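The values are calculated or read from the model by the stated rules, or taken from the named source; none is laboratory data. All of these numbers come straight from a predicted model, not from anything done at the bench. Here the Cβ is made from the backbone with ideal geometry for all residues, glycine too, and neighbour counts use every protein chain on show. Just the protein is used for accessible areas: all its heavy atoms, side chains included, with ligands, DNA and RNA removed. Shrake-Rupley method; radii C 1.70, N 1.55, O 1.52, S 1.80 Å.
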Amino acid sequence: MIMKNQATLDFIREHADDDVRQLALRGSKMSEVDLSYALEQIAGRQKARTKLPSWASIDGIVYPPHLSMEQCSSELTARYKASIAGKGALFVDLTAGFGVDMAFIAQGFQKAVHVERQPQLCAISSENYNVLGLNHIEVVCGDGVEYLHTMNHADLLFIDPARRDEHGGRTYGIADCTPNVLEMLDEMLEKADRVMIKLSPMLDWRKAVADLGKVNEVHIISVDNECKELLLAVKSEERTENSASPSLRVVCVNLLSDGNKECFEFDGYHASPSSSAFHFSPFDSRFLYEPNASIMKAGCFGLLEQRFGVMQLDKNSHLFVSDKEVIGFPGREFLIEKRTSMNKRELKAALADIDKANITVRNFPMSVAELRKRLKLKEGGEVYIFATTIANEGHQLLVCRKKT
């Protein structure tokens, strides 16, 4: 158990909302206060208010050092993983870290094993599981690969390989992460019915599937339109030659802070990512659609056209339009008010009554900063300008307002 004296606990409680940097400069007048620990806990809880809100509301939760807090899953993504993990007898996380994913996924299992190499994180997690009432979780301080060799058969194995090399630099390829999942997968599938692998959202999901073999599910997870995780799921029976035409369920999910979510599914083995560009006319289309971050990562643009009856402005622009409103499109919806080329006279007429706007560039030769300077527009407001390329018509600006 992590024990701290009352003076330190009082300091944490008294300064829970204070600026940590200012607290560090001022220090504490009481020598018995463990200032380093106190500042770590204050900063961790402040971060948890947005990342782990249900934990932030509980007294007694212990937070890890800054890097571990930054790298841990958010509550939204952990709850999502728990929803697809299901229920069972035994769940094992071979790289459990601070234990956020473990705490949420384990609630569906009769027993869970948290394996982590860092003693400090093991001590913190043990403390937190007691506070959370998760007494069926066993914490093992050791190497996940070694534990794999001797573990009992599990319903579900989870692994989140470290994406930093020995020099602290970021790595993204599966083979470059620690441990190397490619070398472990066969043994993991011998030891568990299912394996879930959390990877960097920077990875090409198609290459990851090809590298690993017969993956049966891919989950591309975004939070508030920022891509956060690539999650692959494999069942042990899927590794056999049991199907001449295998299917791959790809789920693009955008989890929203208000509790809602956007979800789009398709068969990743048989869906074509290609889409058709068309000749855009300002009179054909009133609505503009911008796919969410998970859809952009998946690259399933042809499917969007097929399912929603929208059309893409250009094969590399990844913006879609329709002459009628589309219900359930996984992304943002806008009303197109004006369209202009980059001709000075046209620009002046189109932007005459606009002094500020939200600017997005897609398949366009200027950055947002360069275009904002060129247009002399402040940031913000209710106007949204999409600078893009339209098939057969070149560089264009679409002046829109968000559909409410």
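For R332, what residues show an amide H to amide H distance below 5 Å, using hydrogens built from the backbone and excluding near sequence neighbours?
E290, N292
So for the stretch 10-77, averaging the separation of alpha carbon pairs under 8 Å that are six or more residues apart and normalising by length, what relative contact order in percent results? It would help to have the intermediate numbers written out before the result.
Details: 49 pairs, mean separation 19.7, N = 68.
Relative contact order of the stretch 10-77: 29 percent.
Taking a probe of 1.4 angstrom, what is the accessible area of R339 in Å², to the nearest 10?
70 Å²
Separation of the stretch 1-59 and the stretch 198-215 by C-alpha centroid, Å?
Here the two parts' Cα centres lie 39 Å apart.
Check cross-link reach from K47 to the lysines: straight Cα distance under 29 Å, and skip same-chain residues fewer than eight apart.
Within reach: K4, K29, K81, K198, K228, K261, K297.
In whole Å, what is the distance between the alpha-carbon centres of the stretch 100-126 and the stretch 143-164?
12 Å
Rounded if a/c is under 1.5, else prolate if a/b is larger than b/c, else oblate: which is the stretch 1-139, with a ≥ b ≥ c the root eigenvalues of its Cα gyration tensor?
Numbers: a/c = 2.47, a/b = 1.98, b/c = 1.25.
In terms of gyration-tensor shape, prolate.
Order the following by accessible area, largest value first: I58, I124. Probe radius 1.4 Å; ligands, DNA and RNA are ignored.
On the way: I58 55, I124 5 Å².
Per-residue accessible area, sorted high to low, gives I58, I124.
Modelling each spin label as a point 7 Å along the Cα-to-Cβ direction, I'd like the S236/V368 distance in nm, to one decimal.
Modelled inter-label distance: 4.8 nm.
Kindly point out, ordered by number, any Cys in the chain whose beta-carbon has no other cysteine beta-carbon under 4.7 Å away.
For the chain, the answer is C72, C177, C227, C252, C263, C300, C400, because their Cβ atoms have no other cysteine Cβ under 4.7 Å.
Between rounded, prolate and oblate, where does the stretch 136-226 land on the alpha carbon gyration tensor, with a ≥ b ≥ c its root eigenvalues, rounded for a/c under 1.5, else prolate if a/b exceeds b/c? Show your work: numbers first, answer last.
Numbers: a/c = 1.55, a/b = 1.31, b/c = 1.18.
Prolate, because a/c is 1.5 or more and a/b exceeds b/c.
With labels modelled as points extended 7 Å from the Cα through the Cβ direction, what inter-label distance (nm, one decimal) is found for C263 paired with A89?
Distance between the two pseudo-spin positions: 2.9 nm.
Which FRET efficiency value, to the nearest 0.05, do you get for K403 and K356 by plugging their Cβ-Cβ distance into 1/(1 + (r/R0)^6) with R0 = 25 Å? Don't skip to the answer; put the middle values down first.
Working: r = 20 Å, r/R0 = 0.78.
Computed FRET efficiency for K403 and K356 comes out at 0.80.
Which of rounded, prolate or oblate describes the stretch 8-85 when judged by the alpha-carbon gyration tensor and an a/c cut-off of 1.5?
Values: a/c = 2.85, a/b = 2.44, b/c = 1.17.
Prolate, since a/c reaches 1.5 and a/b exceeds b/c.
Write down the percent of antiparallel bridges among all DSSP beta bridges whose residues are both part of the chain, to the nearest 5. Walk me through the numbers on the way to the answer.
On the way: 46 of 79 bridges.
Antiparallel bridges make up about 60 percent of those DSSP assigns within the chain.
For helix 181-191, report the angle its Cα long axis makes with the longest principal axis of the Cα atoms of the chain; keep it between 0 and 90° and round to the nearest 10°.
The helix 181-191 is inclined about 60 degrees to the chain.
So I have (i) 24.9, 74; (ii) 23.5, 94; (iii) 22.9, 89, and one of them is Rg and Dmax of the Cα atoms in Å calculated from this model. Which one is it?
(i)
Fully extended, how many nm does the chain gain between Q120 and H136 (0.36 nm per residue separation, minus their Cα-Cα distance)? Walk me through the intermediate numbers first.
Working: separation 16, 0.36 × 16 = 5.76 nm, distance 2.03 nm.
Result for the pair: 3.7 nm of gain on full extension.
Would you tell me the accessible area of S31, worked out with a 1.4 angstrom probe on the heavy atoms of the protein chains, in Å² to the nearest 10?
For S31, the solvent-accessible surface is approximately 110 Å².
If you line up the long axis of helix 35-51 against the longest principal axis of the chain, both from Cα atoms, how many degrees apart are they, to the nearest 10?
Once rounded, the angle reads 40 degrees.
What spacing in nm lies between the two simple spin-label points modelled at R249 and L67, each 7 Å away from Cα in the Cβ direction?
Label at R249, label at L67, 3.7 nm between them.
Past 21 Å, Cα to Cα, is the threshold; run K111/K214; K356/K403; K338/K402; K348/K378; K51/K378 against it and keep the listed order.
On the way: K111/K214 28 Å; K356/K403 18 Å; K338/K402 13 Å; K348/K378 16 Å; K51/K378 31 Å.
Too far apart for the 21 Å limit: K111/K214; K51/K378.
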